[in-house]
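Here's the structure, in structure tokens; my notes come after.
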Amino acid sequence: MRFFAALLVVIGHTQHALLERLGAAAGRYAFVPLDWGLGVDVFFVISGFVMYYLMHDRFAQAGATATFLRRRVVRVVPMYWLFTTLVLAVGLATGAVDLPWTNILFSYLFLPGPVCGEYCFPVFTLGWTINYEMLFYALFAIALGFPRRIGVAVVVGLIAGLIVMGQAVPVSWSMLHFWGYPIIGEFLFGIGLAAGFLRGWRVSRGAGWALVAAGLVLATVSYQLDLYDHIWRLWTGGIPAALILGGAVFGLEPRGAHGRWLAVLVVGGDASYALYLSHPVTISRGRCGRGQDRAVRACAVGVLERHGGRGGDRVVRRPPCDRKAVARPVLPATQSRRGYSVTVGVAIANADQK
């Protein structure tokens, strides 16, 4: 599912680049069925799922908060700082980056602004989603200091409170508007799905596919009717994302021995973060020749040929000096599905979190 989410974003950015190059000659390739940014909504729901799924039995335990934050930093920060630095270096050299030094500093600190235009974009514009991820990590880390029921109530209260404040304060309070954007509620959808999964909620495979299809149809209808302009994205993007992930984890988890399926899903999930960060660079290097079909093929090959994605994942996210902190255990093929979710791409056994 993590790879699926990243792929939606890649498709959207690839189509945008293609339309910029072809213009009116794009023809049928100009049709946009849904907001490809749905991949971001799926990412956020997955993030809430994964955090609760892996840490549900660690609430109020000594060292749980520090362990959680350390693993999140190891996973997210090095690669993001690398791409931010590359974008900054090229932007400064070409004059494309014209931001106050405070904004540059805040980009490395995963904070919005402080000087914002219509949106609080960091130096590396894709990083707005990572800023939300880091916000959620901070709120969830606070919740881990309490017993589970209280901790869940704390994280729900914090996110709901931010949404309320974000709508109530003046528009000029751009940073609080960013933190209180309703999209952050999608993390709570993920927590709810994880709680259900851990309690054994399951549906038939047919029902699982029906939920996934319902999510895609709802996302398509919302986009085609321009509901994104009138209704919070928490509903137009979050509910479809929750339906898609819910169908996947409750109905489409592999039964019995996983074997090659597990390996494929884990590799795809591992590459998703690197693919998400690196794909704009790859798209810009795509050689789009003359003619519609030739342009499509060339750009598609450019995107899929993401050597930097997989290589960056190995080198940056798993530095040799800190392999122990992020090493995956070897899981038996018949281990209970309660221990890990193959569909989400989470192959870290609960025992590894002790």
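The numbers here are math on the coordinates, done by the rules we state, and not lab data. Please read these numbers as outputs of a predicted model, since none were measured by experiment. Positions of Cβ are generated from backbone atoms using ideal geometry, with glycine treated the same way; all protein chains shown enter the neighbour counts.
Within the range 111-264, the ratio Rg/Rh, alpha carbon atoms throughout and Rh by Kirkwood, equals 1.02. Computed extension gain for TYR119 through ARG75, at 0.36 nm per residue and net of the alpha carbon distance, reaches 13.2 nm.
Among PHE197, PHE4, sorting on how many other beta-carbon atoms sit within 10 Å of each Cβ, with the fewest leading, yields PHE4, PHE197. Cβ-to-Cβ counts within 10 Å put ASP57, ASP98, ASP35, ASP41 in ascending order as ASP98, ASP57, ASP35, ASP41, the fewest first.
If I stretch the segment between ALA93 and SER204 completely, what's the gain in nm (0.36 nm per residue apart, minus their alpha carbon distance), one decimal?
Working: separation 111, 0.36 × 111 = 39.96 nm, distance 5.57 nm.
The ALA93-SER204 span can extend by a further 34.4 nm.
Taking a Cβ cut-off of under 12 Å around MET134, the surrounding Lys, Arg, Asp and Glu residues balance to a net charge of +1, with basic ones at +1 and acidic ones at -1. Less than 20 Å from a label point 7 Å out along the Cα-to-Cβ axis of LEU176: which backbone N atoms in the range 103-137 qualify, by residue? Correct set: 111-121, 132, 135-136.
Diagonalising the gyration tensor over the Cα atoms of the range 1-129 and scaling each eigenvalue by 5 before taking the square root yields semi-axes of 32, 24, 12 Å, largest first. Rounded, prolate or oblate: which fits the range 64-198, taking a ≥ b ≥ c as square roots of the Cα gyration tensor eigenvalues, rounded meaning a/c under 1.5, else prolate when a/b beats b/c? Since a/c reaches 1.5 but b/c is at least a/b, the shape of the range 64-198 is classed as oblate.
By the beta-carbon count within 10 Å of each Cβ, the least crowded to most crowded order of VAL45, VAL97, fewest first, is VAL97, VAL45.
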